[in-house]
1. Out of the residues in segment 431-452 that are hydrophobic (A, V, I, L, M, F, W, C) and over 12 Å from L272 (Cβ atoms), which is surrounded by the most Cβ atoms within 10 Å (Cβ to Cβ)?
2. Please find, among E397, E371, the residue that is in contact with a Pro (Cβ under 7 Å, 6 or more places away or on another chain) and either of a type outside the set (F, W, Y) or farther than 27 Å from M220 by Cα (or both).
3. I'd like to know if segment 64-73 contains one or more residues that are more than 28 Å from E12 (Cβ to Cβ) and open to solvent by 80 Å² or more (accessible area, probe 1.4 Å).
4. Having 1 or more residues that are within 30 Å of the chain's Cα centre (by Cα) and polar (S, T, N, Q) is the bar; report the helices (runs of 4 or more DSSP H) wholly within segment 279-333 that clear it.
5. Search segment 411-426 for residues being open to solvent by less than 70 Å² (accessible area, probe 1.4 Å) and in contact (Cβ under 8 Å) with a residue 60 or more places away in the chain, and hand back the single one that is nearest to ligand 1 (Cβ to nearest atom).
6. How many residues are part of a strand (DSSP E or B), of a type in the set (A, V, I, L, M) and more than 30 Å from S448 (Cβ to Cβ) when one looks only at segment 363-416?
7. So which residues in segment 320-363 are touching a Phe, Trp or Tyr at 6+ places or on another chain (Cβ under 8 Å) and small (G, A, S)?
8. Quick one: E58 ticks every box in (1) open to solvent by 40 Å² or more (accessible area, probe 1.4 Å); (2) within 26 Å of the chain's Cα centre (by Cα) bar one, so which box is it?
Amino acid sequence: MKRTEIITLFKESAKQLVGQDICIKGWVRTKRGNKNVAFIAVNDGSIIHSIQVVADVERFEEEVLRNITTGACIGVCGKLVESMGKGQSVEIVADSIEIYGTANAETYPLQKKGHSLEFLREIAHLRGRTNTFGAVFRLRHAMAFAIHKYFNDRGFFYWHSPLITASDAEGAGEMFRVTTLDMDNLPKTAEGRIDYSEDFFGGETSLTVSGQLEGELGAMALGKIYTFGPTFRAENSNTPRHLSEFWMIEPEMAFYELEDTMDLAEDFIKYLVSYALENCKDDIEFLNNMYDTSLLERLRFVADNKFIRLRYEEAIKILLEAKQKFEFPVAFGVDLQSEHERYLVEQHFKCPVILIDYPKEIKAFYMKQNEDGKTVRAMDVLFPTIGEIIGGSQREEDIDKLMARMQEVGIDPADMDWYLDTRRFGSAPHSGFGLGFERLLLFVTGMSNIRDVIPFPRFPKNAAF
Ligand code: 4AD
Ligand code: MG
């Protein structure tokens, strides 16, 4: 008989199936009961809820029942009936049960309820089978889908920037090298340096830290593009907000100035949060009840309220006047730390904040310089509990100013001739931003560690699974 996915049994329309024979397949979450009857909760990942299977002990061989343990994979056929029990409206009275794969109760690690998130991180290859991670990863899917939908509906084109690159887009020198050279026998130049001309690509290459520079080329051709792919940063940041491999969404738009870009960023995040509230109710409610009882309220607040917009200089004033002591001292020119960002958002404004016009020294070379000669048209979107969720800017379209800035920060314009061609031929005002996908997921799921919103996290000293 054709398999019915368990999600079908939790829809309104499931009532029409009552009295019919159906088959489900999935993994056993729990089995309880007595010598007459067994109650088996089966989950197939399609929804957070498990379906209850009722098995009359007399009708099944002892060996079958013995093998139905937490973690085992089974198929059940039987009649769907209205449930007398609490917590479910329908259940299955089993006619036949097939065991696909047993799970030894002694060695299957997901036995007890309520494992810590730290423990589950060590068994990341199995944690997707818990309610918590099922909810998180279904939300991850829903947000990825909503991102494509948002941009597609608004005439943006999905643009694939390369993952292997020869340029450091952020100029921070935090790149992972890509090479096929023999580490034990490196080719050398006459001066005794490593000879990268012998390497696979004939020069030094790394994994990308951002798709932006190639994204700008896309915007100069197709008008409005977005990238959505993995990015890699070899920064030694062991924090709950940093990953070495994370996914980033980078829209880039010709003819957008900073204000247009702020409007887009705000509308985009509100759309995603509203999408999650509308389409992932069960998962969000579960996370709200289990981990963070202010999650729903926080999501609704962000969806419904206008973000504060403020210049960096004004933010510094507020921080200098704050009663709170900060670990990192504040002065005009400092790069804001997460504690500062969170103070502004959580204590002072109690609302998401978009900070603009940062000093040029703490921002990347490509940002448009303001008339004051000191600041650039940068914008960071700051969120409660997270700090920076989006970083973006208007780009410097004037080739002379851009080249001067590159030289100031030690980038040889000759190395980026292809990028400078956007300014050489038909240069246009343009802007864009990058949203950290996992930071968005931290916000939407209420999880507090970024390692818990990606299936297989990469961070310093860890590339397991
Ligand atoms: O502020 P960032 O470094 O900006 C850029 O890469 C620009 N090229 C974006 C653009 O204008 N197109 O990174 C953008 C966002 C951050 O706001 C943060 O959400 C996320 O990427 N991010 C990280 N997320 C997880 N782990 C890390 N190590 C991250 N570094 C940045
Ligand atoms: Mg940033």
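1. Taking segment 431-452 and keeping what is hydrophobic (A, V, I, L, M, F, W, C), we get 433, 435, 437, 440-444, 447, 450.
Next, from what is left, pick out any that are over 12 Å from L272 (Cβ atoms): 433, 442, 447, 450.
Values: F433: 26, L442: 22, M447: 24, I450: 21.
Looking at the filtered set, the residue picked out is F433.
2. Numbers: E371 fails: in contact with a Pro (Cβ under 7 Å, 6 or more places away or on another chain).
Going through E397, E371 in turn, just one is in contact with a Pro (Cβ under 7 Å, 6 or more places away or on another chain) and either of a type outside the set (F, W, Y) or farther than 27 Å from M220 by Cα (or both): E397.
3. Yes, some residue in segment 64-73 is more than 28 Å from E12 (Cβ to Cβ) and open to solvent by 80 Å² or more (accessible area, probe 1.4 Å).
4. Numbers: elements: 281-290, 295-304, 312-321.
By residue number, 281-290.
5. Going residue by residue through segment 411-426, those that are open to solvent by less than 70 Å² (accessible area, probe 1.4 Å) are 411, 413, 416, 419-423, 426.
The next check asks that each one be in contact (Cβ under 8 Å) with a residue 60 or more places away in the chain; those that pass are 411, 416, 419, 422, 426.
Details: I411: 15, M416: 14, Y419: 13, T422: 14, G426: 21 Å.
Here the residue is Y419.
6. 2
7. Correct list: A322 only.
8. Among (1) open to solvent by 40 Å² or more (accessible area, probe 1.4 Å); (2) within 26 Å of the chain's Cα centre (by Cα), the lone unmet condition for E58 is (2).
The values are calculated or read from the model by the stated rules, or taken from the named source; none is laboratory data. Quantities reported herein were computed from a predicted structural model and do not represent experimental measurements. Here Cβ is always computed from backbone atoms with ideal geometry, including for glycine, and neighbour counts include all displayed protein chains. Protein only, heavy atoms only, side chains kept; ligands, DNA and RNA dropped before computing areas. Shrake-Rupley method; radii C 1.70, N 1.55, O 1.52, S 1.80 Å.
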